[in-house]
Every structure is written in structure tokens, then in C-alpha cells.
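J.: Pasting in a structure now, in C-alpha cells, and then I'll have a few things to ask.
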Amino acid sequence: MNFHVLTLFPDMIRDGMNTSIIGRAMAGGFLDIEAVNIRDYAFNKHQKVDDYPYGGGAGMLMQAEPVYLAYESVEKKIGYQPRVIYLTPQGKVFNQEMAKDFAEEKDLVFLCGHYEGIDERVLEEIVTDYVSIGDYVLTGGELPAMVMMDSISRMVPGVLTNQESGETESFSGSLLEYPQYSRPEIWHEKKVPPVLLSGHHANVEAWRREQSIYRTARWRPDLLKKADLSNKEWNQIRQ
Ligand code: 6GU
């Protein structure tokens, strides 16, 4: 998977993505992340990329031409028209299903806005997907792009080890993850739940599923509708 990030702050992308699992995946050749500095495509000698909005109003807008030229540099390099994701609070809210869908692509372009936004005309020409990461406002699209790249990368073959890619994680089955414990057996007078020390695999699995269901009912009851619960499990929640 090749990510191409069009941004005014390329260092933020490079510094933010070269550690841990994503860093390892890049070193291993499973992922590539290219940060394209939109300012390099400014068409004036002061490298200015913003201007006032027609009709007035607060703040500045990113101009169409530098954004277009930055996009075009990617299209020329890869030789086809890729999906282009514009990060905006006006977009469709990102979820795991969308991460899986985007992970099928060979190249993905992320367009990161700043200031009050980007001239609509270039968005019309190049953007294929408008995506938000939730109902709150951020100062720019870089953090949302990094959030998306992280979750999309996890779906790319080779990025996670077998151990890391556990199908039992939150959202893979619409239930929240169960609590986990490691050594020591007692910490700050808190004991590890005895069932986990019993060595009885079926009882451990039953306890974990029960914990997942209780947690989901407590913190994300909206997810239960999608969860595949037995009648007995539904009755246990109601008690
Ligand atoms: Cl994608 N961009 C910005 N600026 N703010 C956001 C967002 C995106 N998603 C949630 N808030």
C-alpha cells in the first residue's frame, strides 16, 4: 500500500508515522508513506498558498492551483487516477468497514486542509471520498489522515504479525474487548480473576464473552444491535 499525503506540514506526517508497527511495516516494504509538500507547488515567488474567500468571511482558504499541482505530481508518478480522500468534518464518519474498503487500493491520496478550507473547484476535480474522523473540530487534516492510515495499514497483508492480527479484537465482532491481565497475580491488592488462572479453556472463553457483552451494554449500547447475541445473552443484559 502506498499512501500519498498532500499537506502543508509534511514533517508532521513523517515524524508521526515512522515508529512502532507502522514504522516496522515501512522498513519491511509492506507500506510506503510519501508526504507531498503543497507549498512546493506554489506558483508565486513568496510560496503563498492561501488567499481571502470571495464574498468575505473569517480566515483564509487554500488556493486551488497548488493543491491541483501537488495532486498531479502523484498521478503522473503512479500513472493512474487514484482515490483521493479529503479530510473534513463535513465528510462521512470513518469506521472499520471503510478502513477495510480503502485497504484494497494500491495507492491512496490524502488531502489535508488547513485554515478555513480549500477552494471548492479543486475539490470537485480531484476528491473521490469526503471523510471525517468524528464529531469534533480539529485544526487540520493531518491527524485524521494519520488516524486513517494507521487503521487502514492494519488491514494490509504483512503489516501485522499473526499474533497481532487477532480476529477477536474490538469491532471485528461488534463487541468491545474483554479485560486482560498479566503478571503479577496480585497488584495493589487487586487479584487476577480466578477463572483466568484455572486453565479451563471453555470457562475462560465464556467469561471473556460475558465481560465483552457487559462492557458493550455499559459503554456502547448502540453496538449491541449489530452484535450476534443469543436469547440467553440478551436476557443476561436485562437483569
Ligand atoms: Cl477529517 N478534519 C478536521 N479539520 N476536523 C475534523 C475531522 C477532519 N474529523 C473530525 N474533525
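J.: In segment 103-192, what chymotrypsin sites (Phe, Trp or Tyr not before Pro) fall in a loop by DSSP, with at most 13 other Cβ atoms inside 10 Å?
T.: 136, 181
J.: Projecting each Cα onto the charge dipole of segment 1-156 (Lys/Arg +1, Asp/Glu -1 at the beta carbon, about the Cα centre), which of 67, 139, 22 comes out farthest on the positive side?
T.: With unit charges placed on the Cβ atoms, the residue in question is 22.
J.: Within segment 5-58, report the chymotrypsin sites (Phe, Trp or Tyr not before Pro) that DSSP leaves as loop and that have at most 16 other Cβ atoms within 10 Å.
T.: 30, 43, 54
J.: Using a 10 angstrom Cβ neighbour count of at most 12 plus a DSSP loop assignment to flag exposed GluC sites (Glu not before Pro), which longest range of the chain is free of such sites?
T.: That would be 1-103.
J.: Assuming a ≥ b ≥ c are the square roots of the Cα gyration tensor eigenvalues, decide whether segment 186-238 counts as rounded (a/c under 1.5), prolate (otherwise, with a/b larger than b/c) or oblate.
T.: Because a/c hits 1.5 or more and a/b fails to exceed b/c, segment 186-238 counts as oblate.
J.: Here is a further query. Are there trypsin sites (Lys or Arg not before Pro) in segment 179-228 that DSSP puts in a loop and that have at most 12 other Cβ atoms within 10 Å, and which ones?
T.: Counting only loop positions with at most 12 other Cβ atoms within 10 Å, the trypsin sites (Lys or Arg not before Pro) in segment 179-228 are 225, 226.
J.: May I pose another question? To the nearest 500 deg cm²/dmol, what mean residue ellipticity at 222 nm is calculated for the chain from DSSP H runs of n ≥ 4 alone, each contributing -39,500 (n - 2.57), summed and divided by the residues?
T.: -10500 deg cm²/dmol
J.: Just going by the charge dipole of the chain, with Lys and Arg at +1 and Asp and Glu at -1 on Cβ, which of 186, 230, 102 is farthest out on the positive end?
T.: Checked the options; the winner is 186.
J.: Right, here's the next one. Label points 7 Å out from Cα along the Cβ direction at residue 196 and residue 136: separation in nm?
T.: Here the answer is 2.8 nm between the modelled labels.
J.: Any idea what the relative contact order of the chain is, in percent, if you count C-alpha pairs under 8 Å spaced at least 6 apart? Provide the component values of the computation, followed by the final result.
T.: On the way: 330 pairs, mean separation 46.8, N = 239.
Here the relative contact order equals 20 percent.
J.: Something else: What is the ratio of the Cα radius of gyration of segment 2-153 to 2.2 N^0.38 Å, with N the residue count, to two decimals?
T.: 1.02
Readers should treat all values here as calculations from the given coordinates under stated rules, not as data from a laboratory. Computed from a predicted structure; not experimentally measured. Positions of Cβ are backbone-derived with ideal geometry, glycine not excepted, and every protein chain shown enters the neighbour counts.
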